[in-house]
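Peer 1: Below you'll find the structure I mean.
The values are calculated or read from the model by the stated rules, or taken from the named source; none is laboratory data. Values in this document were obtained by computation on a predicted structure and should not be read as measured data. Cβ placement follows ideal geometry from the backbone for every residue including glycine, while neighbour counts extend to all protein chains displayed. For accessibility, only protein heavy atoms count, side chains too; no ligands or nucleic acids. Shrake-Rupley method; radii C 1.70, N 1.55, O 1.52, S 1.80 Å.
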Amino acid sequence: MESLGELLKQWPSGNAALQQADRIMAELLEDPLIERLRSKHPELSQETLRLHLNRLYQYVKEYRNCSNCPGLDRCPNDFEGHYTLLSCETIGDLVQLTDRKVTCKKLLTRQSEEQIRSRVRSFYVDETALSRGYSADEILTNDLERMKAVGQLLKYIDRTKEQGLQKEGLYLAGMFGTGKTFLMCYMLHELAKAGFTGAIVYMPEFVEDLKSLMLEPGKLKETVDMMKETDLLIFDDIGAENLNPWVRDHVMGSILNYRMNRKPTFYTSNYNLDALEQHFSFTNKDGDELHKGQRIMDRIRPYVEIVHVTGHNKRGK
């Protein structure tokens, strides 16, 4: 259905033009959408409708477009993601027909999803994991062996939505490929929908990149400050990084020292907490430093709820 403006360009002049206008007017008046409008507003005279022929035409055209929506990216309406809505108002003896653009549900959904994504940052983690949109039922039934862990996670999400940010985070421990990272991404997405900000950091690559950030103190400070201030911070695959004293004591230590008793921090790891302490107690540069391992663990152990993630390896499936 082309625009009325395009039709007008093709119209003849004189009486033929009037006849063409009458034909279009008659077709519009028979359209069920206009019939409903007239039924709702009996004060609309035929003369008023004729004066607003362009609005009626646009209203019907965009309604038909939306009824057969080809998708938001191929929206045929004049204003993408919007449709025309008519309203009638009587001022004194004058009946006026006005139109306004209304945002369609598909665009509202997209805007909501974009807003959610803007609240979550990902460092070296596949961002598709943050927006898969799995339901709680699907996550529970995806692997029955990890049902207990999923139950703990869902309770934590509900508790945060009801009570606000918790002081404790979660420590997801389990074997390779059991879905620890995915569960954390699910939590981030669900809590982002509730208005919380978050970040997930893949530790092995983050630690490697910190070496180059040492040469950019401004960028390093910006990154560390963001990790301190975000509502939900996840260190993914902690214990798999090539640790050095500077990262442990000045970066991790600074972030965790700031967050404890303020905002929750979360972890996924193949190690339990005792094994993680051993990892933090040894560096290639300085060898064993048990007290420094204990010091960093004092900022982790009291502030997490342990979640044992069991199940089969899903990688490559």
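Peer 1: For region 1-54, please list each of the helices (runs of 4 or more DSSP H) lying entirely inside it that holds at least 1 residues being at pLDDT below 90 and open to solvent by 70 Å² or more (accessible area, probe 1.4 Å).
Peer 2: By residue number, 4-10, 15-30, 46-51.
Peer 1: Additional query: Taking region 213-225 as the search range and keeping residues that are in contact with a helix residue (DSSP H, G or I) (Cβ under 8 Å, 6 or more places away or on another chain) and open to solvent by 60 Å² or more (accessible area, probe 1.4 Å), which one is modelled with the lowest pLDDT?
Peer 2: M214
Peer 1: Go through (1) at pLDDT 90 or above; (2) over 30 Å from N65 (Cα atoms) one by one and return the number of the condition D143 breaks.
Peer 2: In the conditions (1) at pLDDT 90 or above; (2) over 30 Å from N65 (Cα atoms), D143 misses (1) alone.
Peer 1: Quick check, is N261 on the phi > 0 side of the Ramachandran plot, open to solvent by 20 Å² or more (accessible area, probe 1.4 Å) and modelled with pLDDT under 95?
Peer 2: Taking the combined requirement at face value, the residue satisfies it.
Peer 1: Taking region 95-108 only, how many residues are touching a helix residue (DSSP H, G or I) at 6+ places or on another chain (Cβ under 9 Å) and either of a type in the set (A, V, I, L, M) or part of a helix (DSSP H, G or I) (or both)?
Peer 2: Final tally of qualifying residues: 4.
Peer 1: When only residues in region 71-105 that are under 24 Å from S39 (Cβ atoms) and among the polar types (S, T, N, Q) count, which is least open to solvent (accessible area, probe 1.4 Å)?
Peer 2: T84
Peer 1: Further question: Applying the selection to region 107-123, what residues are over 8 Å from the mean Cα position of the chain (by Cα) and of a type in the set (G, A, S)?
Peer 2: The answer is S122, and nothing else.
Peer 1: Same structure again: Pull out all pairs, ordered by first then second residue, where Cβ-Cβ is under 7 Å, the residues are six or more apart or on different chains, the first lies in region 57-70 and is within 15 Å of L86 (Cβ to Cβ) and touching a residue at least 12 places away in the same chain (Cβ under 8 Å), and the second is among the aliphatic types (A, V, I, L, M) and part of a loop (DSSP other than H, G, I, E, B).
Peer 2: K61/M1; R64/M1
Peer 1: Looking only at region 75-90, which residues are of a type in the set (S, T, N, Q) and out of contact with any helix residue (DSSP H, G or I) (no Cβ under 9 Å at 6 or more places or on another chain)?
Peer 2: Passing the criteria: S87, T90.
Peer 1: Cβ-Cβ below 6 Å, separation at least six or inter-chain, first residue in region 219-241 and under 14 Å from M260 (Cα atoms), second of a type in the set (S, T, Y): which pairs?
Peer 2: K228/Y258; T230/T197; D231/T197; L233/T265
Peer 1: Failed condition for K228, given (1) among the basic types (K, R); (2) modelled with pLDDT under 95; (3) closer than 20 Å to M297 by Cβ, with all others met?
Peer 2: For K228, the exception is condition (2).
Peer 1: Another question, if that's okay. S254 is checked against (1) open to solvent by 70 Å² or more (accessible area, probe 1.4 Å); (2) assigned to a helix (DSSP H, G or I); (3) touching a residue at least 12 places away in the same chain (Cβ under 8 Å) and fails just one. What number does that condition carry?
Peer 2: For S254, the failing item is (1).
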